[in-house]
Amino acid sequence: MFATLDLVAQAPGGPEEDPDGFPFGGWQAPLLDESTGAQIGAAYEGTDALLLGRRTYDIFAAYWPHQEGGQDNEFAALFNSIPKYVASRGRADLSWAGSTQLGPDLPGAVREIRDRHEHIKVVGSLNLVQTLLRERLFDRLDLWVHPIVLGVGKKVFDDGAVPTNVTLLEPPAAGPNGTVHLRYALAEGTPGTGDMSAPDRGIGRDG
């Protein structure tokens, strides 16, 4: 997930990606650098399936089948060769080879494909992501947090988020433009609470 400091993740790639009430489409472009590009490439290593929401799928299906042999050949060859699973309430155009639409029981369908594949990647697809977070149907969360605040737009964690523990897998990695890569794994249980004034913390109520 590509996000701003206030965790807006809507339309990072361009103005036409998801323009509904959002004036900042393409906000990621001025902040891209080689370091972030290398991190993204590494995150896709071993990918054997894509799970996409309908809007992201349509964007990908219109672009990636025509990119093999070009500048983005490595990603194109990968995306074109592996299965693509589409979460959509309507009837999706599945003309991109290897595409399958998931049934109406989305959590059940996702559990089934998780049993079938080792490394499924979700890209963008914010509405789908909300379901995966709510149902705890993820193993890892990669966040690239960019040094801007937009104050408007769809966020990574929306109102449907549930209390969840995650574990930082490796130290945060910052690029030259200030983008920070955070890699988390899903952890057991839900967030605990405590009292910062407890005696064993050595902190008094006055500071």
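The values are calculated or read from the model by the stated rules, or taken from the named source; none is laboratory data. Keep in mind the model is a prediction, meaning the values are calculated, not measured. Note that we place each Cβ from the backbone using ideal geometry, even for glycine, and neighbour counts take in every protein chain shown. All accessible areas refer to the heavy atoms of the entire protein, side chains included, with ligands and DNA or RNA removed. Shrake-Rupley method; radii C 1.70, N 1.55, O 1.52, S 1.80 Å.
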Within the bounds of the range 157-170, is there any residue that is touching a residue at least 60 places away in the same chain (Cβ under 8 Å) and among the β-branched types (Val, Ile, Thr)?
no
Consider Pro83 against the criteria (1) within 15 Å of Val123 (Cβ to Cβ); (2) in contact with a helix residue (DSSP H, G or I) (Cβ under 6 Å, 6 or more places away or on another chain): it satisfies all of them except one. Which criterion is unmet?
(2)
Ile148 being among the β-branched types (Val, Ile, Thr), open to solvent by 30 Å² or more (accessible area, probe 1.4 Å) and part of a helix (DSSP H, G or I)
no
Against the condition in contact (Cβ under 8 Å) with a residue 24 or more places away in the chain, assigned to a strand (DSSP E or B) and either touching a helix residue (DSSP H, G or I) at 6+ places or on another chain (Cβ under 9 Å) or more than 21 Å from Tyr44 (Cα to Cα) (or both), how does Leu182 come out, does it pass?
no
Asp18: surrounded by 15 or more Cβ atoms within 10 Å (Cβ to Cβ), farther than 25 Å from Gly151 by Cα, charged (D, E, K, R) and touching a residue at least 24 places away in the same chain (Cβ under 8 Å), yes or no?
no
Residue check, Phe60 within 17 Å of Lys121 (Cβ to Cβ), part of a helix (DSSP H, G or I) and without any contact (Cβ under 8 Å) to a residue 40 or more places away in the chain
no
Please indicate, with yes or no, whether at least one residue in the range 75-89 is at pLDDT 90 or above, open to solvent by 60 Å² or more (accessible area, probe 1.4 Å) and either in contact with a strand residue (DSSP E or B) (Cβ under 8 Å, 6 or more places away or on another chain) or of a type in the set (Gly, Ala, Ser) (or both).
yes
On the given criteria, is Thr100 β-branched (Val, Ile, Thr) and open to solvent by less than 20 Å² (accessible area, probe 1.4 Å)?
no
Filtering the range 108-145 down to residues that are assigned to a helix (DSSP H, G or I) and either modelled with pLDDT of 95 or more or open to solvent by 50 Å² or more (accessible area, probe 1.4 Å) (or both) yields Gly108, Ala109, Val110, Arg111, Glu112, Ile113, Arg114, Asp115, Arg116, Asn127, Arg134
If only one of Gly53, Gly13 is surrounded by 14 or more Cβ atoms within 10 Å (Cβ to Cβ), in contact with a Ser or Thr (Cβ under 6 Å, 6 or more places away or on another chain) and either over 23 Å from Gly90 (Cα atoms) or at pLDDT 90 or above (or both), which one is it?
Gly53
Those residues of the range 42-68 which are of a type in the set (Asp, Glu) and under 30 Å from Glu170 (Cβ atoms), in sequence order:
Glu45, Asp48
Take the residues of the range 1-10 that are open to solvent by less than 60 Å² (accessible area, probe 1.4 Å), part of a loop (DSSP other than H, G, I, E, B) and in contact with a strand residue (DSSP E or B) (Cβ under 7 Å, 6 or more places away or on another chain): which is nearest to Ala43 (Cα to Cα)?
Met1
Which one of the conditions (1) at pLDDT 90 or above; (2) part of a helix (DSSP H, G or I) does Asp200 fail to meet, given that it meets all the rest?
(1)
